[in-house]
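Since the structure comes first, as structure tokens, the remarks are kept for the end.
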Amino acid sequence: MPKVKIARKSTDTDMTPFVDIAFLILSFFIMATKFKPPEAVPITTPNSVSSQRLPENDAVMISIDKDDKVYFSIMAQKDPQIARDIIKAAAEARNIPISDEQAANYISGDMIGVPFSKLGPFLALSKDQKRSYVQEGIPVKDSANNELYYWIAATRTVYMGKTVKFLIKGDNVSKYPAFKAVIDALKKNDEQKYNLVTMPEGAPEGTPLWYERNAKKN
């Protein structure tokens, strides 16, 4: 009985559809990814292990750079009006006129590091001008004229009855007096709770956080 011959078929696979899918996925990630904007002042923070992420709303960040300059940032991406209200309330407490146009020029997360006397002209700058502008820092070292106090007080007033997080981000080489002045401004406003911002690092192997992170990966 003659053997039945099985017709041989080509094993080549048309990769064209896969290339299209790859480009579609790449396009999706490019359009959906949110890149971190460059900081006006680079601050190198110490490392720590933490599972919390930086909030983008209902928070303010007080930054201290390597030269002990203090900056104030308002995180209010969902409701930019909150940032404008804080700016106007803080300036009003110091009898500094700030127009609606100047307040509206503030972008969530921008670092404000000027005394109130220069706040109006600083807010009027364009985005590119602000990046190149050398800020002198918010005056905090004189305990009788710690201007950070008014920024914190304005934040508490605007967020009256609502939760707001106070974050402190200090450079590795910043000095203790600057940090103490920031804490004093918080205490003067009866604000005892705040979070320290650090550079995240891997959790030690065998710890509960390590198991939790590995479980999420698997």
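The values are calculated or read from the model by the stated rules, or taken from the named source; none is laboratory data. Please read all numbers here as calculations on a predicted model, not as lab measurements. Cβ coordinates were reconstructed from backbone atoms using ideal geometry, including for glycine residues, and neighbour counts include every protein chain displayed.
Can you name the number of the only condition in (1) of a type outside the set (K, R); (2) part of a helix (DSSP H, G or I); (3) under 21 Å from A76 (Cα atoms); (4) touching a strand residue (DSSP E or B) at 6+ places or on another chain (Cβ under 9 Å) that T163 fails?
For T163, the failing item is (2).
Restricting attention to the stretch 69-90, and to residues there that are closer than 14 Å to I152 by Cβ and of a type in the set (G, A, S), which single residue is surrounded by the fewest Cβ atoms within 10 Å (Cβ to Cβ)?
First pass over the stretch 69-90, keeping only residues closer than 14 Å to I152 by Cβ: 70-74, 86-87, 89-90.
From what's left, of a type in the set (G, A, S): 73, 89-90.
Numbers: S73: 22, A89: 18, A90: 26.
Out of the qualifying residues, it is A89.
Among the residues in the stretch 1-8, are any modelled with pLDDT under 95 and either touching a helix residue (DSSP H, G or I) at 6+ places or on another chain (Cβ under 8 Å) or aromatic (F, W, Y) (or both)? If you could, list the steps in order and put the result at the bottom.
So the first thing to find is which residues in the stretch 1-8 are modelled with pLDDT under 95, and the list is 1-8.
Remaining after also requiring either touching a helix residue (DSSP H, G or I) at 6+ places or on another chain (Cβ under 8 Å) or aromatic (F, W, Y) (or both): none.
Within the stretch 1-8 (the criterion being modelled with pLDDT under 95 and either touching a helix residue (DSSP H, G or I) at 6+ places or on another chain (Cβ under 8 Å) or aromatic (F, W, Y) (or both)), the answer is no, since none of the residues qualifies.
Considering only residues of the stretch 202-218 that are exposed (fewer than 14 other Cβ atoms within 10 Å of the Cβ) and of a type in the set (G, A, S), which is modelled with the lowest pLDDT?
If we take residues in the stretch 202-218 being exposed (fewer than 14 other Cβ atoms within 10 Å of the Cβ) and of a type in the set (G, A, S), then G202 is modelled with the lowest pLDDT.
I'd like to know if the stretch 128-136 contains one or more residues that are modelled with pLDDT under 95 and touching a strand residue (DSSP E or B) at 6+ places or on another chain (Cβ under 6 Å).
There is no residue in the stretch 128-136 that is modelled with pLDDT under 95 and touching a strand residue (DSSP E or B) at 6+ places or on another chain (Cβ under 6 Å).
Can you tell me which residue within the stretch 171-201, out of those that are surrounded by 14 or more Cβ atoms within 10 Å (Cβ to Cβ), among the β-branched types (V, I, T) and at pLDDT below 90, is nearest to D142 (Cα to Cα)?
If we take residues in the stretch 171-201 being surrounded by 14 or more Cβ atoms within 10 Å (Cβ to Cβ), among the β-branched types (V, I, T) and at pLDDT below 90, then V197 is nearest to D142 (Cα to Cα).
Yes/no per residue for (1) more than 18 Å from P139 (Cβ to Cβ); (2) among the polar types (S, T, N, Q):
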| position | (1), (2) |
| --- | --- |
| S63 | no, yes |
| S73 | no, yes |
| A83 | yes, no |
| A89 | yes, no |
| A93 | no, no |
| I96 | no, no |
| S99 | yes, yes |
| D110 | yes, no |
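Of everything in the stretch 166-187, what is within 13 Å of D67 (Cα to Cα) and either touching a His at 6+ places or on another chain (Cβ under 6 Å) or not in a helix (DSSP H, G or I) (or both)? Give them in sequence order. First the steps, then the outcome.
Keep residues of the stretch 166-187 that are within 13 Å of D67 (Cα to Cα), which gives 170-179.
Within the stretch 166-187, G170, D171, N172, V173, S174, K175 qualify.
List every residue pair whose Cβ atoms sit under 6 Å apart, with the two residues 6 or more apart in sequence or on different chains, where the first one lies in the stretch 80-97 and is touching a residue at least 60 places away in the same chain (Cβ under 8 Å) and the second, anywhere, is surrounded by fewer than 19 Cβ atoms within 10 Å (Cβ to Cβ) and part of a helix (DSSP H, G or I).
The qualifying pairs are A89/T157.
Give the residues of the stretch 147-160 that are surrounded by fewer than 20 Cβ atoms within 10 Å (Cβ to Cβ) and not in a helix (DSSP H, G or I), sorted by residue number. Talk me through it step by step, then tell me what you get.
Initially, the stretch 147-160 is screened for residues surrounded by fewer than 20 Cβ atoms within 10 Å (Cβ to Cβ), giving 153, 156-157, 159-160.
Once the filter is applied, which keeps residues that are surrounded by fewer than 20 Cβ atoms within 10 Å (Cβ to Cβ) and not in a helix (DSSP H, G or I), the stretch 147-160 yields Y159, M160.
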